[in-house]
Amino acid sequence: MNKNSSNIMALAPNTSNKRETVCIFGTGDFGRALGQKMIQSGYSVVYGSRSTQISNLIPKDAEVLGHAEAAQKAAIIIIAIQRQHYNFLTPLAEVLRGKVLVDISNNLKLNQYPESNAEYLAQLLPGSKVVKAFNTVSAWALQSGTLDASRQVFVCGDDVEAKQMVMNIVRALGLTPLDKGSLLAAQEIENYPLQLFPMWKFPIFLSLGLTAFFFFYCLALDVIYTYIYENNNFSFFIAITIPNRVFPVMALILLALVYLPGIFAAIIQLYRGTKYRRFPDWLDKWMLCRKQLGLIALAFATLHVVFTLVTPMRAFVSWRTSKGIISQALNNKTEPLNHTNAWLSDSYLALGILGYFLFVLLGITSLPSVSNNVNWREFRFVQSKLGYLALIFCTAHTLVYGGKWFLSPSAYKWYLPNIYILSLIVPCIVLVIKFVLIIPCVDKPLTQIRQGWERNPKYSE
Amino acid sequence: MNKNSSNIMALAPNTSNKRETVCIFGTGDFGRALGQKMIQSGYSVVYGSRSTQISNLIPKDAEVLGHAEAAQKAAIIIIAIQRQHYNFLTPLAEVLRGKVLVDISNNLKLNQYPESNAEYLAQLLPGSKVVKAFNTVSAWALQSGTLDASRQVFVCGDDVEAKQMVMNIVRALGLTPLDKGSLLAAQEIENYPLQLFPMWKFPIFLSLGLTAFFFFYCLALDVIYTYIYENNNFSFFIAITIPNRVFPVMALILLALVYLPGIFAAIIQLYRGTKYRRFPDWLDKWMLCRKQLGLIALAFATLHVVFTLVTPMRAFVSWRTSKGIISQALNNKTEPLNHTNAWLSDSYLALGILGYFLFVLLGITSLPSVSNNVNWREFRFVQSKLGYLALIFCTAHTLVYGGKWFLSPSAYKWYLPNIYILSLIVPCIVLVIKFVLIIPCVDKPLTQIRQGWERNPKYSE
Amino acid sequence: MNKNSSNIMALAPNTSNKRETVCIFGTGDFGRALGQKMIQSGYSVVYGSRSTQISNLIPKDAEVLGHAEAAQKAAIIIIAIQRQHYNFLTPLAEVLRGKVLVDISNNLKLNQYPESNAEYLAQLLPGSKVVKAFNTVSAWALQSGTLDASRQVFVCGDDVEAKQMVMNIVRALGLTPLDKGSLLAAQEIENYPLQLFPMWKFPIFLSLGLTAFFFFYCLALDVIYTYIYENNNFSFFIAITIPNRVFPVMALILLALVYLPGIFAAIIQLYRGTKYRRFPDWLDKWMLCRKQLGLIALAFATLHVVFTLVTPMRAFVSWRTSKGIISQALNNKTEPLNHTNAWLSDSYLALGILGYFLFVLLGITSLPSVSNNVNWREFRFVQSKLGYLALIFCTAHTLVYGGKWFLSPSAYKWYLPNIYILSLIVPCIVLVIKFVLIIPCVDKPLTQIRQGWERNPKYSE
């Protein structure tokens, strides 16, 4: 419904049912766009402006008056001017007394001022009811009607009735108001549109760094080494072979990194004998980006799956297969089925598929609409139980697949270990420690500590 | 919680805590279903009916009285009668004064009447508080308890308190009320249940038309031509080979069509030198269905991926592979690895996978619950930056794959170009113009225009 | 926004803007965690405790007083004590008169007491305004700040203003309040955190049981029979071959079981000639878990797809392919293309892909955020029309694939039918009866019955 409502309205404005009059201070881009949209939705709009000369940019059904005059015509005044000009409103304090002022401003930087623009406005005009709203909507989106992005408009304010009036306007424009409580939330609301995936930054940079490292590691061992010592040009490995070695390694390491901070937290709590002391900052931050790490790991796992599935379609693989078959045919013999190989190949494929399947389940439950429909107990069950099961399957998949390389000397080109070996370090550590932590004699004190028990109560003084 | 709550309630009605009495006018199907559900949720229900004879269809704990008598027993009256009979309520105006009237009616056609049913009811009975609700729920769903579909009940009305009372009933029935504002929203709410994917119609018809065209084009060139001139019966190409030629072509063209209107809009704005004039209607409509076009393109891309991945399992492909290997074996020679082929095959596979991966990311961010959790800046970043990257990868994938056909004369059967060539026209145009648009000397005036600057302010007079 | 807001707050508490004072009765784990979080969010917290000696566990900015004294300092009192101690509050009734009491308690079992804890509290202290909230949040999550799970806090209460005050606190802590209506909803809210996927239990046990049965059935026929009578050790079939026989069978049967109850319901309604009688209990329950059955079927179908796609990568399959090619090469002949085989193999692959594609579409529309954005008509269209189309495609896929086995005697090892034959029983029954039900002379009375018509009105007396 949301999707279509504004369009219907835009195409067929319901002009028979006039709504109340709204005043807009400021004839800038956003003020005009909002006014236009409001007129389309049936409101009367009056602009307050220094120059009352009617500009051709202003929507033609709107009136333009001086600030004081315009303000008197409406109960709601939208302040579409910049924060640095707010002080010109102080002389109008008497006119604005009791009116609802809607602060729609945004800043250019996070936490640019000590207090939010809306709180600053409320301090300047203590007699008015300030409501923060509309700052997350862009003028361009309002004007073009292409509100593909979030239709949520965050609203906050100290006066419940004023907030209701603003939320009704939000709804009338085809948007969805979301009450964020009192005006204290304004700072947060003003910071919101300035963010660009803040929680994703560290996980993404970490992944890029590790990916680059493993890529060049593989490039050195698989292409350059082969070129120098075996005089084979496998440069085309760059397109599929090497990525498909790096991706699973990244997926496994990142998945293990999702569970590692929980392991650290448990060890710290066991060591301290209490849960009432904060974790070190790095651990806190790490725990907060576990979801992002997990989703990036899932992306790598997905790429690994698809890169693997196209294997039989690669020219190189067809050539290698043909070569093997032809050499058997020319030697006039058929190799018998190697049962160990059949077992190994089928096992690591099956383990990998099951691990990936559980991983995708984890990803689906982390969709906001799904995780909102499960309770804490269910969420823990999925994220903890199924997550560890996925880690176990994926680690076993790698072990079975890469096992034969561990002891083979050909795996140690330039005395460097194969990346399969590197990829197994973190997951194996996580699984071993986790296994120790669920042994009853370790699990029991840990559970007690998490329920509030303290080994040494004086500690926390 | 939503999911289970109504079930629990239905199985174990909480009869100890009686709620208030609700009156229902009309003993039709929906009136009975709603009454039944309300009784299960602890309400007392009294029906207002012309004939007070107790019908066996009416829930047995409900009372049946005359309209006036029934209305006096409750503060909330649900009007479960059809709009054309509303005028019989006018004599009851005195009894209904100050009461909350819940309009639950639906129409048979979109915008059937000039005003919504709820507004018409409010005009007939100006002394009552009319609230629109429940029209999106079906009697069948209420009765069978299988509310698998949306549990959202849109509520609107001019009286806040009346709306709250109705929303409490909605919650008590295990449904989720959604406040849509004043009674002006009733028209929209009444139109809602009549829609069948209105935004999808044009994109789906366009896709079906193009798919049919390309299917017969391929059928002519790949099956009929081969049958006539080469006397080979490849009719089984209809099942996989031809669809897997049409799907990627459709995916690429539709993805390009998602970005083409943005290109047009930029050119129009640059030409006009202002953003303050409406785009032509066709462009407006096109821009509004970009999300749907993109999702259909994703569906085609997905089908292409799966159809491609099953290639090695096809009997025809196994046969062709065997034939090639056997002919080599019989000629007693092994062809050496063709490095160019290895590079080309690996590159187009890798490009295709990466393009598809980005495409799926775009699809995930267009899920309502995900797009509600990103801000405008983040949404633009994903949809614009990642979207163009996906288009570039997919176009490159097609170029590398189909490149060898461009100049080969065998690609021009009946002097018609291969569909790879046709599929590249739109994406290449989009990418070339986009590339021109991001050149600084073009980008700068465009950015200024989008920020509200006008080359020729008189223009808009 | 939700995601980040609490973190920002936790890291940079806004101490300049002090909020109101909140009192917490009880210094247990949850009371302390909640108090800590509130202090971080700018509230003054005062604890009410039997011993006013300041414990080192209590957040250091909080005050600790006797119960009566503490209660007088705040308008909102959070009752963080267990239900069995609620009666100690009765002497404080005078002090607590008119105050907002927030019941945050949980029980250990579903429906442990006849009335909910919150209603019990309201009965003990009729002069206070009881609000239920916070019970779905864990102390651990509050403390560690890792609120990855649902941020929804269900709130209910009879006093609207009291509820608003509590909802403001919920928002200030970075959580999302969800108004569940009056205090009658408390029972439901208290049961919520105790559930572990209640709707999934039956479908999961059913699937596990059937899977085990089919697994051992296949094991007997494909591994044990072959070992005994053909002396071949195919034990490695356990990893991929047998699962990939069981998964599609499970997917098809479960998908048919989704549509079977609808068929039963139609037959029952036709037989009874009315829709106004409840279905048998087993049918009601079955209809309520159709979504879960469908999603499990989708999981099996997905596993089947991936297990199938890795086929060419299996050592056993490569060996078998090589053997076939080498034997042709050694016999110096190339088999011609078998057109029937090419048609069959391409058809069942194409049918399977299309069926799975529709199945995934069904899965996507059952995501809560998607199904909330479609109306009842659209939901019915997708779930019923597309669902049956998926079932038809998948059944046809199985028929084309398994068709050749039906009459072959080798398919009846130990006189047992192949599981392909078993898997087709339920879907074929569903499709045949559905086909009968849409014949106009059957469909018309059924539609009438569903619109409320009764063949024999006396029946329902």
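Lysine pairs in segment C:200-451 whose alpha-carbon atoms fall under 24 angstrom of each other, counting only those eight or more residues apart or on distinct chains, come to 17. Here the peptides C:228-240, B:242-254, C:94-106 are ranked by packing, the mean other Cβ count within 10 Å, and the order with the highest first is B:242-254, C:94-106, C:228-240. Using a probe of 1.4 angstrom and keeping all protein chains present, the accessible surface of chain B works out to 44 square angstrom per residue.
Applying both filters, DSSP loop and at most 12 other Cβ atoms within 10 Å, to the trypsin sites (Lys or Arg not before Pro) of segment A:270-335 gives A:ARG277, A:ARG278, A:LYS333. Grab the other residues whose beta carbon is less than 14 angstrom from that of A:THR226, score K and R as +1, D and E as -1, and report the net. Neighbour charge sum, excluding A:THR226 itself: 0.
Shielding of peptide A:192-199 by partners, expressed as the average count of other chain Cβ atoms within 10 Å per residue Cβ, is 5. Residues A:HIS304, A:HIS339, sorted by accessible area with the largest first, give A:HIS339, A:HIS304 [1.4 Å probe; ligands and nucleic acids excluded].
Using the Cβ-Cβ distance between A:ALA220 and A:LYS323 with R0 set to 25 Å, the FRET efficiency works out to roughly 0.40.
What total accessible area, in Å², is buried where chains C and A meet, using a 1.4 Å probe and rounding to the nearest 100? Summing both sides, the interface buries roughly 6300 Å².
In terms of overall dimensions, segment A:227-355 has a Cα radius of gyration and Dmax of 22.4, 74 angstrom. Remark on segment C:19-194: ratio of C-alpha radius of gyration to 2.2 N^0.38 Å is 0.94.
Taking B:ARG380, A:ARG83 and ordering them by how much accessible surface each has at a 1.4 Å probe, largest first, produces B:ARG380, A:ARG83. Between B:ILE438 and C:ARG277, the distance separating the two model label sites (each 7 Å from Cα on the Cα→Cβ line) works out to 6.9 nm.
Counting only other chain Cβ atoms within 10 Å of each residue's Cβ, the peptide A:302-314 averages 6.
For C:ASP281, the point set 7 Å out from Cα toward Cβ sits 6.1, 6.1 nm from its twins in the other copies, listed from shortest up. Shown for chain C are the DSSP H helices of 27 Å or more along their axis, judged by Cα atoms, with a mean Kyte-Doolittle hydropathy of at least 0.5: C:243-272, C:290-309, C:339-365, C:387-407, C:419-437.
Taking the centroid of alpha carbons for each part, segment A:350-392 and segment B:355-424 are 31 Å apart.
Among beta bridges identified by DSSP and lying wholly in the protein assembly as shown, the antiparallel ones come to about 10 percent. Take each residue of peptide B:375-388, count the partner chain Cβ atoms within 10 Å of its Cβ, and average: the result is 4.
Shape index of segment C:370-455: Rg/Rh, with Rg the Cα radius of gyration and Rh the Kirkwood radius from the inverse mean 1/r over Cα pairs, equals 1.15. A Förster radius of 30 Å combined with the Cβ-Cβ distance from A:SER51 to B:ARG450 puts the calculated FRET efficiency at roughly 0.80. Residues whose amide H lies under 5 Å from that of A:GLN152, counting only those 5 or more places away or on a different chain, are A:THR176; hydrogens are built 1.01 Å from N in the peptide plane. With Cα atoms defining each centre, segment B:316-344 and segment B:176-227 are spaced 45 Å apart in the structure. Between the amide H of B:VAL22 and those of B:SER44, B:VAL45, B:VAL46, distances stay under 5 Å, these residues lying 5 or more places away or on another chain, with hydrogens modeled in the peptide plane. Can you list the residues of segment A:353-370 whose accessible area drops by at least 10 Å² going from the chain on its own to the full set of protein chains, with a 1.4 Å probe? In segment A:353-370, residues shielded by partner chains: A:ILE353, A:LEU354, A:PHE357, A:LEU367, A:PRO368, A:SER369, A:VAL370. As a length-normalised measure over Cα pairs under 8 Å and 6 or more apart, the relative contact order of segment A:200-451 settles at 27 percent.
Accessible surface of chain C, 1.4 Å probe: 61 percent of it comes from carbon and sulfur atoms.
Kirkwood analysis of segment B:157-263, using all unique Cα-Cα pairs, places the hydrodynamic radius at 18.9 Å.
Neighbours of C:LEU206, meaning other residues whose beta-carbon lies under 15 angstrom from its beta-carbon, give a summed charge of +4 when Lys and Arg score +1 and Asp and Glu score -1. Between A:LEU422 and A:HIS85, the contour length at 0.36 nm per residue exceeds the alpha carbon distance by 115.4 nm.
Overall dimensions of chain A, expressed as equivalent-ellipsoid semi-axes from the Cα gyration tensor (√(5λ), whole Å, largest first), are 60, 31, 19. Over segment A:310-441, the ratio between the Cα radius of gyration and 2.2 N^0.38 Å evaluates to 1.45. Local charge for B:LEU424 was computed over the other residues whose Cβ lies under 14 Å away, with Lys and Arg +1 and Asp and Glu -1, and equals +2. Principal semi-axes of the equivalent ellipsoid, √(5λ) from the alpha carbon gyration tensor of segment C:200-451, are 39, 20, 18 Å from largest down. A Förster radius of 22 Å combined with the Cβ-Cβ distance from B:LEU270 to B:ILE429 puts the calculated FRET efficiency at roughly 0.85.
Over every Cα atom in segment B:284-341, the radius of gyration and the widest Cα-Cα span, Dmax, amount to 20.6, 65 Å. Each principal axis of the protein assembly as shown carries a Cα extent, and these read 99, 81, 77 Å when sorted largest first.
The values are calculated or read from the model by the stated rules, or taken from the named source; none is laboratory data. The structure displayed is predicted, hence computed values, not measured ones. With ideal geometry, Cβ positions are generated from the backbone for all residues, glycine too; neighbour counts draw on all protein chains shown. What goes into the accessible areas is simple: the full protein's heavy atoms, side chains included, and nothing from ligands, DNA or RNA. Shrake-Rupley method; radii C 1.70, N 1.55, O 1.52, S 1.80 Å.
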